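Worksheet: one structure, shown below.
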Amino acid sequence: MTPATRQEVLGLYRKVLRIAKNWQSASGQIEETMREKEYIRNEARTLFQKNKNVTDPKLIKQCIEECEARIEIGLHYNIPYPRPIHLPPMGLAHKHGRTLRHQEKLRKISKPIYLKSHDEIS
């Protein structure tokens with residue numbers, strides 16, 4: 001990891017922790033706010049620890065993009081949790097008899113970047 005990339009990753013980690021510190025839930029309830037703050041801190045800690053030994057520049061770039069996307073989506077919608085995607089079970093196939101394996105492959109390809117690591121740790 002280059003020093004510039006390291007600084008970018010550490011900056012993202014600090015940014016997430018600052019967001020958690022200043023987070024206010026949409027409902028305004030203190031209990032929910034505390035639960036969401038704790039979720040943000042735990043999610044950041046888990047994902048950054050999981051990816052601390054990544055050395056492939058492409059994978060590092062993908063992780064950075066995922067982090068930035070989750071930050072922007074969380075701030076925009078005021079929810080700390082990843083937004084789910086809703087795909088119909090057999091909605092990606094053509095009518096000419098695609099196999100279930102092909103369906104799974106299409107689902108994996110169509111998954112947004114901000115959900116890539118969420119499924120791995122859930």
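So the values come out like this:
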| item | result |
| --- | --- |
| Cα shape, segment 1-70, gyration tensor, a/c 1.5 rule | prolate |
| Solvent-accessible area of residue 72 with every protein chain in place, 1.4 Å probe, in Å² to the nearest 10 | 110 Å² |
| Long-range amide H partners of residue 25 with built H, under 5 Å | 33 |
| Over 26 Å between alpha carbons, listed pairs 21/58; 52/105; 61/105; 37/58; 37/105 | 21/58; 52/105; 37/58; 37/105 |
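The values are calculated or read from the model by the stated rules, or taken from the named source; none is laboratory data. These numbers were taken from a predicted model, which means no experiment stands behind them. Surface accessibility is based on the protein's heavy atoms, side chains included, excluding ligands, DNA and RNA. Shrake-Rupley method; radii C 1.70, N 1.55, O 1.52, S 1.80 Å.
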